[in-house]
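The structure appears right after this line, and notes come after that.
The values are calculated or read from the model by the stated rules, or taken from the named source; none is laboratory data. Everything numeric here is computed off the predicted structure, so don't read it as measured data. In this analysis, Cβ positions are derived from the backbone assuming ideal geometry, glycine residues included, and neighbour counts consider all displayed protein chains. SASA here: full protein model, heavy atoms, side chains in, ligands and nucleic acids out. Shrake-Rupley method; radii C 1.70, N 1.55, O 1.52, S 1.80 Å.
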Amino acid sequence: MASNSNPSDSFPYPRGSVVAILTDEVTVEDARQRLEQAGFGADRCDVLHGEAGLARIDVAGEAHGKGGSIMRRLQSVLSDDADHVRRYEEHLRAGHYVVGVTVGDDEAAKQQAADALRAAHGEFVHYYADNYVEDLGA
């Protein structure tokens, strides 16, 4: 799985991605294998961890420019997305991993990615569409 440091990356809002929290390297490796078996290559997966992961989550939105800051302000007022960001931040600070799988608007791919992440003991599994967030934890 890849770790993208490009400032135009999928964070602070992982549009078209299934995202989960994994607690350790063993579950990350399990998820990688399951995602690979489901047809998701490293180019479709992002792993956030440690300080570099926190920089990508960019809680204040500052590292993603004016647009990132505005997005974070809107999220805090108009949606539960800010709570998600804070949750991801807490887990990254605790040494956990946040894994995102790009699926676009492909319903089958969304379910396959969610299934693989849940099977690897992924927690807080969600899909981030353009205008809504879907809980895929069940």
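Taking the criterion of being open to solvent by less than 30 Å² (accessible area, probe 1.4 Å) and in a helix (DSSP H, G or I), the residues of the stretch 15-58 that qualify are T27, V28, A31, L35, G50, G53, L54, R56, I57.
For every residue, the table says whether it meets (1) at pLDDT below 95; (2) in a helix (DSSP H, G or I).
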residue: I70; (1), (2): yes, yes
residue: L74; (1), (2): yes, yes
residue: Y88; (1), (2): yes, yes
residue: K110; (1), (2): no, yes
residue: L117; (1), (2): no, yes
residue: H126; (1), (2): no, no
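As a summary of the residue check, D43 satisfies the conditions (1) under 13 Å from the mean Cα position of the chain (by Cα); (2) at pLDDT 90 or above; (3) not small (G, A, S) except for the one numbered (1). Of all residues in the stretch 116-129, those that are touching a residue at least 40 places away in the same chain (Cβ under 8 Å) have Cβ atoms under 7 Å from Cβ atoms of residues that are outside any helix (DSSP H, G or I) and among the hydroxyl-bearing types (S, T, Y), 6 or more apart or on another chain, in Y128/Y13; Y128/S17. Taken over the stretch 85-110, the residue count meeting the criterion of being under 23 Å from D24 (Cα atoms) and surrounded by fewer than 18 Cβ atoms within 10 Å (Cβ to Cβ) is 7.
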